[in-house]
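The values are calculated or read from the model by the stated rules, or taken from the named source; none is laboratory data. None of the values given here were measured: they were computed from a predicted structure. Glycine gets a Cβ as well: all are built from the backbone with ideal geometry, and neighbour counts include every protein chain shown.
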Amino acid sequence: MKKIRVRYAPSPTGHLHIGGARTALFNYLYAKHHNGDFIFRLEDTDIERNIENGEASQLDNLSWLGIIPDESPLNPKEQYAPYRQTERLAIYNAIKEQLIQEGHAYECYCTPEELQAERERQEALGLAPMYNRELISEDEKLARKNSGMKPSIRLKVPENKVYEFKDLIRGDVKFESKDIGDWVIVKSNGIPTYNFAVVVDDHSMDITHVFRGEEHISNTPKQLMLYEMLGWDKPEFAHMTLIVNEERKKLSKRDETIMQFISQYKDEGYIPEAMFNFLALLGWSPEVEEEIFTHEKLIEIFDAERLSKSPSMFDKNKLKWINNRYMKELSEDKYLKLVKPFLVEYYDCSNKSENWLNLLLLLYKEQISYGKEIQGLVDIFFNDEIKYNENCVEVLNWETTPQVKENFKKQVVTSESWDEETIKNCVKAVQKETGIKGKQLFMAIRVMVSGSEHGPDLTQTLLLLGKETVLNRLGE
Ligand code: GLU
């Protein structure tokens, strides 16, 4: 059997987007599941739109996710190189010449203005705009050619043909050639168009499977006609459904409700393995109900048959939940390394010891979902003032609370040290002396010192707040 070879082919016009990352991930999982190769190549012909470091940024972000290409511009295989379209122009040119010679392609001398006017004319007649082969006369073409005008090259779309393929996700897909006008394969500046270059690349790089976004489905018939004209075997296609936001709208780079780029998740202290896990569930589901899988496990169980046929929703809370699961599993060292920078960047930690900072962070290890979440989460340890929400006011107004307050204050004042043991004894003494216990006791103390009904371990919280702060919060 042929070795499976798949590719992710971004344009370096931006950083790695959620959609791109998912496309790369599914290609990668498919390749690795079948012991195949995952290739990274660049569609960089739109030079004006390319951003500086676009390629490196894409590769770095993929690598952060744990997606390492078997081949890329930085790791080329001689027989397939180069991996950047701008370095492959001679290859496209040779195929273009072949297509012209075989009568499948021709020079087009129409100007953009003429094409636009023709489109408007057709639209006014209620027709679907399509290239008109008779837009300018043969004499005019010749005259323009002789004057040195650079033509674009168009593919001569065959008449009355049906292009069909079996999409791995959608099943049978059919397009008719009558709906497709002669399309440009090489622009007048000599740069190939996407639909042409991608076929040449996929063929010459022995790509066996193409997993890509559904926006490319209508491009597929154009690509199929090239495979046919050139007598090349076509790869298998799988067009993945859209990723939508919580309002079921297509994820777009302008959508501000969701962070769009992988680097933003990295910058906010998400865990790459969690992100990998989350992205794998964005349009794919395993047979089992479990949703937490290691990288290796996902490779093992990935089955393209289970790619979703309906749009997949980007659920921020699910991502947080998954990240929290990974956070809990991190070693203490790794956890501290991930979260501490967010703490010290946000709070004034200058008078806190390293040990205190570590203990504080570890206190939140079970509940925190991502690094930056620490910012705002531990205000009570840094701010003198605390705010009480409505529910807290209710707790403060319990009949028993003043008694808890007075007695606890007395225990704290008279305590000689401030360690776990002492704190536990103080609370126990309140219970013994007042007879107040359970929620009436513990929640009252928690609310008085933290302004919140919920939080991590009470003894640890009191310990880290310190005796002085606790007394201040218990008030006069
Ligand atoms: N550069 C194209 C994209 O990012 C690649 C399309 C394809 O995979 O064929 O959408």
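One table, with the values for the structure above:
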item: Qualifying positions in the range 115-135 - among the basic types (Lys, Arg) and part of a loop (DSSP other than H, G, I, E, B); result: ARG133
item: Matching option when the condition is of a type in the set (Lys, Arg) and either free of Cβ contacts under 8 Å to residues at least 60 places away in the same chain or closer than 30 Å to GLU140 by Cβ (or both), among ARG22, ARG84; result: ARG84
item: Residue within the range 25-38 that is away from the ligand (no atom under 14 Å from the Cβ), of a type in the set (Asp, Glu), modelled with pLDDT under 95 and farther than 17 Å from THR294 by Cα present; result: no
item: Residue match in the range 149-156 (condition: more than 16 Å from the ligand (Cβ to nearest atom), surrounded by 18 or more Cβ atoms within 10 Å (Cβ to Cβ), closer than 25 Å to ALA238 by Cα and of a type outside the set (Lys, Arg)); result: yes
item: Residues that are surrounded by fewer than 18 Cβ atoms within 10 Å (Cβ to Cβ), under 18 Å from GLY66 (Cα atoms) and touching a strand residue (DSSP E or B) at 6+ places or on another chain (Cβ under 8 Å), drawn from the range 264-320; result: none
item: Test set (1) of a type outside the set (D, E, K, R); (2) over 41 Å from the mean Cα position of the chain (by Cα); (3) surrounded by 13 or more Cβ atoms within 10 Å (Cβ to Cβ); (4) under 19 Å from ILE100 (Cα atoms) - ALA143 fails condition number; result: (4)
item: Matching helices (runs of 4 or more DSSP H) fully within the range 168-275 where at least 3 residues are closer than 25 Å to ALA94 by Cα, within 16 Å of the ligand (Cβ to nearest atom) and free of Cβ contacts under 8 Å to residues at least 40 places away in the same chain; result: 194-204
item: Residue ranges of helices (runs of 4 or more DSSP H) in the range 364-445 with at least 2 members surrounded by 13 or more Cβ atoms within 10 Å (Cβ to Cβ) and touching a Leu at 6+ places or on another chain (Cβ under 7 Å); result: 401-414, 420-434
item: Some residue of the range 59-82 being within 14 Å of the ligand (Cβ to nearest atom) and in contact with a Ser or Thr (Cβ under 8 Å, 6 or more places away or on another chain); result: no
item: GLN403 farther than 22 Å from LEU464 by Cβ, in contact (Cβ under 8 Å) with a residue 24 or more places away in the chain and under 50 Å from the mean Cα position of the chain (by Cα); result: no
item: Criterion violated by PRO10 - all others in (1) within 9 Å of the ligand (Cβ to nearest atom); (2) part of a helix (DSSP H, G or I); (3) not aromatic (Phe, Trp, Tyr) satisfied; result: (2)
item: Tally, over the range 432-458, of residues that are over 19 Å from LYS352 (Cβ atoms) and more than 38 Å from the chain's Cα centre (by Cα); result: 17
item: Some residue of the range 103-114 being touching a helix residue (DSSP H, G or I) at 6+ places or on another chain (Cβ under 6 Å), modelled with pLDDT of 95 or more and either in a loop (DSSP other than H, G, I, E, B) or of a type in the set (Asp, Glu) (or both); result: yes
